[in-house]
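Notes to accompany the following structure.
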Amino acid sequence: TIPNSLETDIYTPLPKPEAKEEIGIAPETITLLFGAIDGSEKRKGFFELVSAIKSCLNDDFFQKLLQDDKIRLVCFGRPSHELESIGIPFVTLGHLDSDEKIRRAYSAADMFLLPSLEDNLPNTILESMSCGTPIVAFDVGGLPDMVIDGVTGQLVPLSDTRKMGETIIDLIQKSDLRQSMGQEGRKRAEQEYPLSVQAGRYSALY
């Protein structure tokens, strides 16, 4: 198996406070990023994402962040309308048409949420890891090949939205763990996913 690759020299981490300010978010605000070409596509799991985020609203710590205006949902692509009605401040970045905009979005995020119910080796995970941002995703398809549970992010049992919500809240409260996961993700991206590594593996195969 030879995985996809990306330009790890372009998708590099930016300082999170700086990246947040560039998209109009205060540096100390917890930022949860997600995205898809079409948020209404069933296999992308946006119904499950809405359910997971709604479950966070039952947590006192999460409610305090909300009251203090210290949390944002950030989406690129075309979000489901239901996400906009959750009651959490919401920033839509739309279609990101340059590497620099994509890099800034991932760098600004404290975690990247991927609720896919089916997926193989999504570029969004590669981009997030390469930009030093930890991932919360369902344990499905090719995601366990990419996300090392507890090291570069957290994997949640498929469709367990309550567990995903609990995982989001847990990581929100553990800034040191988020930082170490981001660093490990970047390290893994540099080792496994550069274009040169992919090319070398194909050369060796042929």
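Measure nothing fancy, just the Cα-based angle from helix 46-56's long axis to the longest principal axis of the chain, in degrees from 0 to 90, nearest 10.
In the chain, helix 46-56 runs at an angle near 50 degrees to the longest axis.
Given 5 Å bins starting at zero, what is the percent of C-alpha pairs of region 37-123 in each, up to the one with the largest pair distance?
Spelled out bin by bin, region 37-123 gives 3, 12, 22, 25, 21, 12, 5, 1 percent.
Distance between the C-alpha centers of region 131-199 and region 48-89? Whole Å please.
Computed from Cα coordinates, the inter-centre distance equals 20 Å.
Run the 1.4 Å probe and let me know the accessible area of Lys163, rounded to the nearest 10 Å².
The accessible area comes out at roughly 90 Å².
What pairs in Lys16/Lys64; Lys64/Lys163; Lys54/Lys101; Lys16/Lys174 have C-alpha atoms more than 25 Å from each other? Display every interim value, and only then the final one.
Working: Lys16/Lys64 22 Å; Lys64/Lys163 20 Å; Lys54/Lys101 28 Å; Lys16/Lys174 16 Å.
Where the Cα-Cα span goes over 25 Å, the pairs concerned are Lys54/Lys101.
Answer rounded, prolate or oblate for region 120-180, using the Cα gyration tensor with square roots of eigenvalues a ≥ b ≥ c: rounded when a/c is under 1.5, else prolate when a/b is larger than b/c, else oblate.
Working: a/c = 2.13, a/b = 1.08, b/c = 1.97.
Note, shape of region 120-180 comes out oblate.
If Rh is defined by the Kirkwood formula over all Cα pairs and Rg also comes from Cα, what ratio Rg/Rh do you get for region 3-47?
On the way: Rg = 14.6 Å, Rh = 13.4 Å.
On the Cα set of region 3-47, Rg over Rh gives 1.08.
Using only the Cα atoms of region 96-206, what do you get for the radius of gyration and for Dmax, in Å?
14.3, 48
Run a plain Debye calculation on the chain (Cα atoms as equal point scatterers, no solvent) and give log10 I(q)/I(0) at q = 0.08 Å⁻¹, rounded to two decimals, same order as the q list.
Relative scattering, expressed as log10 I(q)/I(0), comes to -0.25.
Along the charge dipole of region 75-206, which of Leu126, Gln191, Phe90 sits closest to the positive end, that is, farthest toward it, with unit charges on the beta carbon of Lys, Arg, Asp and Glu (+1, +1, -1, -1)?
Going by the Cα projections, it comes out as Gln191.
Do you know the relative contact order of the chain, to the nearest whole percent, from alpha carbon pairs under 8 angstrom that are 6+ apart?
Details: 373 pairs, mean separation 55.6, N = 206.
In percent, rounded to a whole number, it is 27.
To the nearest 500 deg cm²/dmol, what mean residue ellipticity at 222 nm is calculated for the chain from DSSP H runs of n ≥ 4 alone, each contributing -39,500 (n - 2.57), summed and divided by the residues?
Numbers: 9 runs with 89 residues, N = 206.
Taking each H run of at least 4 residues, the total per residue is -12500 deg cm²/dmol.
Keeping all protein chains in the complex and leaving out DNA, RNA and ligands, what accessible area do you get for Leu158 with a 1.4 Å probe, in Å² to the nearest 10?
Surface open to solvent at Leu158 totals about 90 Å².
Principal axis lengths of region 80-149 from Cα atoms, whole Å, largest first?
Answer, in whole Å and largest first: 32, 28, 20 Å.
Rounded to the nearest 10 Å², what accessible area does Glu166 have for a 1.4 Å probe in the complete protein model?
Surface open to solvent at Glu166 totals about 90 Å².
Roughly speaking, what % of Cα-Cα pairs in region 40-89 are separated by over 14 Å, rounded to a whole number? Write down the numbers at each step before the final one.
Values: 646 of 1225 pairs.
Tail of P(r) above 14 Å: 53 percent of Cα pairs.
So how tilted is helix 195-205 from the main axis of the chain? Cα-based, degrees 0 to 90, rounded to 10.
Roughly 40 degrees between the two axes.
Just the accessible area per residue of the chain, please: how many Å² with a 1.4 Å probe? Display every interim value, and only then the final one.
Numbers: 9660 Å² over 206 residues.
Result: 47 Å² of accessible area for each residue.
Does region 1-83 classify as rounded, prolate or oblate by the C-alpha gyration tensor (a ≥ b ≥ c root eigenvalues; a/c under 1.5 gives rounded; else a/b over b/c gives prolate, otherwise oblate)? Walk me through the intermediate numbers first.
Details: a/c = 2.13, a/b = 1.16, b/c = 1.83.
It is oblate, given that a/c is not under 1.5 and a/b is not larger than b/c.
The values are calculated or read from the model by the stated rules, or taken from the named source; none is laboratory data. Bear in mind that the values here come from a model prediction, so they are computed numbers and not experimental data. All Cβ positions, glycine included, derive from the backbone under ideal geometry; neighbour counts span all protein chains shown. For the accessible areas, the whole protein counts, side chains as well, though only heavy atoms, and no ligand, DNA or RNA atoms are used. Shrake-Rupley method; radii C 1.70, N 1.55, O 1.52, S 1.80 Å.
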